[in-house]
Amino acid sequence: MSQDYWNYIFIGLSFVLYIGIAVRSRAGSTKEYYTAGGGVSPLANGMATAADWMSAATFISMAGTIAISGYDASRFLMGWTGGFVLLTILMVPFLRKFGKATVPDFIGDRYYSKLARAVAVLCAIFICMTYIMGQMRGVGVVFSQLFGIGIPAGVATGAGIVFVYAGMGGMKGITYTQVAQYCVMAFAYTIPAIFIAIALTDNFIPQLGLIGDYTAGAKESIPFLTKINNINTELGFSEYTSGKMSKVNMFCITAALMCGTAGLPHVIVRFFTVKNVRAVRSSACWTLLFIAVIYLTAPTIGAFSRVNLIEKLNNTSYSEAPAWFKEFEETGQMAWVDKNNDGKIQYSGPAKSEAGTSSPFMGSKPVYPAYDAPKEQRIGIHGERLLAMKADMTNPNELWFGNDIMVMANPHMGGLPKWVIALLMAGCIAAALSTAAGLLLVLSTSISHDLMKKIIKPDLTDKEEVRYARIASFVALGVAAYFGINPPSAFIAKTVAFAFGLAASSFFPTLLMGIFSKKMNKEGAIAGMLAGISFTLGYIIYFQFLGGKPEQYLLGISPEGIGCIGMLLNFAVAFLVSSFTPAPPQEVVDMVESIRLPDNPNDEGDSAPPVVH
Amino acid sequence: MSEQPSELHCRRYWQKNITLVMILLGVWFVVSLGAGILFRDWLDESLPKVGNAPLGFWMAQQGSIICFVIILYVYKHMMNKLEGEEGFTSKK
C-alpha cells in the first residue's frame, strides 16, 4: 500500500474522531462556551492543556533546533516547561478562585480601571493573533504537502476545520477534542523516537539511549554523546554538549521564556475549565507531566537524527543518496549545491572556512527557478534540483536543510514502516489544529466578552454574547488565514518568539503584583505595564527592523531575552509610582484577601466560574 | 456560614502558603537556571556523570524537566495537606 493511502487513512480517521467529539459536546450556554461549564476532570483538562500548549512549531521544529544547536537549545526546553511551575504556584490557583472567565477581567477588576482592562485586551489580542497566524501557516504547509494542493487551499481547508469545531463547540468542544489530539501527538512523537533509539543505541527507551552507548555500525561501542561531539568537531561545528551562547544571554532568554509562559492568556484560561482550586493544582500537575513526555523525547530525537542525517548523507555521492533525500529536495526542505563538482554531498560547519560561514548559498532559504524554466536550469548533471541563487563560495559546506526536517525526516531516515510516517502526519496536524482552536477561542472571548460586553455594550444578553463570540472567531480566523497565505515575510516567526518577551514584560508582573501585593494600585500597574512593554517592544524593533547591530546589545542580551529586563523594569516602575499615588480602595483589598484563600468549604459544590453580568 | 475558618486560620494559611512557594521557587531556580546555566561548567567537571552525560548538560536537557514535575507534585500534595490542617477542606 502506498504512503498516500496510509496518510489518508490515519488523518481521515483522526478527523472523524475530532469532529465526532466536537458535535457530541457542543456548547449550549456562555458558561459552556467559555469554560466548558467548569466541570472538566483534572486529568482530561491536563491532556487538553498539553495539546493546546504544543503548537505545530514546537512539534515540528523544536527537535530540529536542538539537533542544530545542541546545548544552546536547552533554553527552550527549560523555558517552556519551567514556566509551568511559575504558572501553577504563582498564578492559576488564585485566578481560578477569582472566578471570572478571562484574564483581562481580572486585570480590569483588580486595578478598578477600564484603561487597564483595555490595555490587557489589546495585549491578549496581539499575542493570540501572532500565534494563530503561525499555526494557520503550519496547517497549510502540511495539507499542501499531503494532498498536493497549493498552500492557499491548504490554509483554507485548515481554517474551515478549526472553525467547525472551535467556533461551534466552544471550550467544551475543544477540550474533549484536544484530549484525543494529545494522544495522537504523543504516539506520533514517541514511537519514531523509540525505533531510532533501538537502531542507534540498542536501547528502547530514548532517554536512556541518549546517555548510553552508540552501538550502530562501529566495531566497538562508544558513548553516544562522545560520538555526536566527535562528529560535530570533525565537521567544524562547536561541540554538541558545549554550545556557544554567552551565559548572560542564555540566562535572560530562558528567564523571559519562563515568565512569558506564565503570562500567556490562552494557557491561563485553560485552568478555568476545572471544578475548583484543588482541581486546578492537580490539573496543572497532569499538564506538566504530559508535556514532559514530549519535552523529554525532543532532545533525544534531535541528537539521534543529527547523527543519522550526517552518517547517511555526508560524503555520499548524490546518485547513491537515499530516496528520501530526493523527496525532501523536491519539497524544498533540503538542498544540495555541488561546489567542488565531485558529485558527493559534503556537510561542514563554520570552523571549516576562514570566513566563519557555513551557508551553501547566498540567502537564508533556497529559491528555485520557475517550473517552466529550461530543463538545464532546473536539473543539474547529477540529477539534483538546482537553485536560482549563487553558491556561497567562502565555505565548503554543500548541504542545506530546514529546522522542520528533523522530525519529519526521522522515520524516513530510520527506515520505519509507512504507517509510522502517516501517524506523524496526523500528529502534526493535531498539534497545529489544537493550538489554533485554543487561541481562536481566547481571541473570540477577548472580543465578545472583554471588548463588547465590558467596555462597549454592557447590556448584552447571554445569547447575543455567544453570537458575537462566534462572529469574532469567524473574523479572526479569516484574518489569520489571510496572513497564513500571505505571511508578512519573516515577521511572523520573529513575533511569535517575541510574544513571550512581551508577555513576560507586561502580563506576568501585573498579574503577580495583583495577587501578591495589596498596595499595588491602578496608577502603578498601568505605568509598569506601559514601561515594560514599550521598553521591550522598542528594543526588539530597534534591533530587528531598524538595523541595530549585535555589538550594541545591552549587556550582550539579544532581543529574544530582553523581556527579562523589561519585566524588572515593570516591577520597578510599578512600585515607584504606587508609592506616590493613593492606595487601592478597600473593596479591592478585600477581593485580594479572598482570592488568596482556597474555596469556602461550606459553599455548595464549589460553583463553576460564573460568567458574571 | 457559621463554620467559616477563623481569621487566624486564614492568616496562618497564607503565611504557610508563602513559605512553601518560596522554598519551591528556590528549588526551581537552582535546578534550572542554576544547574543548567549558571553553574553548569562546575557541575560538568566536578560532579559524577549521569550515564555518559555531563551533569550540567543533562540537567539542562532532561533533569530540570523531571524536577519541575516533582516540584508540582509536591506543591499539590502540600497544599492539599495545608488546607486540611487549617480547616478549608470540604466536610462532605
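Some notes on this structure:
- Overall form of the range A:454-598 per C-alpha gyration tensor (a/c, 1.5; a/b vs b/c): oblate
- Multiplying the residue separation of A:E239 and A:Q586 by 0.36 nm and subtracting their alpha-carbon distance yields 119.1 nm.
- Per-residue average of Cβ from other chains inside 10 Å of B:25-37: 4
- Extension gain for the segment A:K519 to A:A153, taken as residue separation times 0.36 nm less the Cα-Cα distance, is 126.4 nm to one decimal.
- Computed over chain A: relative contact order in percent, which uses C-alpha pairs under 8 Å that are six or more apart: 27 percent
- Helix A:42-53 axis versus longest C-alpha principal axis of chain A: approximately 60°, rounded to the nearest ten.
- Full extension of the chain between B:E45 and B:R11 yields a length gain of 7.6 nm, computed as 0.36 nm times the residue separation minus the alpha carbon distance.
- Counted over all Cα-Cα pairs of the protein assembly as shown, pairs farther apart than 44 Å make up 23 percent.
- Peptide A:280-290 has a mean of 4 when you count, residue by residue, the C-beta atoms of other protein chains within 10 Å of its C-beta.
- Chain A: angle of helix A:74-86 to the longest principal axis, Cα-based, in degrees nearest 10: 20 degrees
- Packing here is the average count of other Cβ atoms within 10 Å per residue, and on that basis the peptides A:415-421, A:70-76, highest first, run A:70-76, A:415-421.
- The A:S359 and A:S534 beta-carbon pair, evaluated with R₀ = 51 Å, returns a calculated FRET efficiency of approximately 0.90.
- For A:I345, the residues whose amide H sits under 5 Å from its own are A:N315, A:T316, A:S317, A:Y318, ignoring neighbours fewer than 5 places away on the same chain, with H placed 1.01 Å from N.
- Label-point separation in nm, A:I381 to A:L122, each point 7 Å along Cα→Cβ: 6.1 nm
- Spatially near lysine pairs across chain B, Cα under 29 Å, sequence gap of 8 or more or different chains: 8
- Approximating the spin labels as points 7 Å out from Cα along Cα→Cβ, the A:L546-to-B:M78 distance works out to 4.5 nm.
- Helix B:64-85 and the longest principal axis of the C-alpha atoms of chain B enclose an angle of approximately 20°.
- Using a Förster distance of 51 Å, the FRET efficiency for A:F575-A:N230 (Cβ separation, nearest 0.05): 0.45
- The range A:194-302 shape via C-alpha gyration tensor axes, a/c threshold 1.5: oblate
- Exercise: per-residue mean of other protein chain Cβ atoms within 10 Å, A:74-80: 5
- Long-range HN-HN contacts of A:A388 with modeled amide H, under 5 Å: A:V367, A:Y368
- Projected label points at A:V475 and A:N340, each 7 Å from Cα along the beta carbon direction, are separated by 6.0 nanometres.
- Listed pairs A:K97/A:K457; A:K453/A:K519; A:K227/A:K312 exceeding 19 Å between Cα atoms: A:K97/A:K457; A:K453/A:K519
- For the protein assembly as shown, calculated [θ]222 nm from helices alone, where every DSSP H run of n ≥ 4 adds -39500 (n - 2.57): -20500 deg cm²/dmol
- By the Cβ-Cβ criterion of under 4.7 Å, the unpaired cysteines of chain A are A:C123, A:C128, A:C183, A:C259, A:C285, A:C428.
- Normalised per residue, the volume of the convex hull around the Cα set of chain B (Å³): 109 Å³
- Applying the Karplus relation 6.51 cos²θ - 1.76 cosθ + 1.60 with θ = phi - 60° to the range B:33-45 yields 3J(HN,Hα) values of 5, x, 5, x, 10, 5, 9, 5, 4, 5, 4, 4, 8 Hz, where x marks Gly and Pro.
- Each peptide in B:34-42, B:22-30 gets a packing score, the mean of other Cβ atoms within 10 Å over its residues, and the list from highest to lowest is B:34-42, B:22-30.
- Ranked by the mean number of other Cβ atoms within 10 Å of their residues, highest first, the peptides A:279-287, A:574-582 fall in the order A:279-287, A:574-582.
Where a number appears in this text, it was derived from the coordinates with a stated rule and is not lab data. Keep in mind it's a predicted model, so treat the numbers as computed, not measured. Using ideal geometry, Cβ is built from the backbone for each residue, glycine included, and neighbour counts are taken over all protein chains shown.
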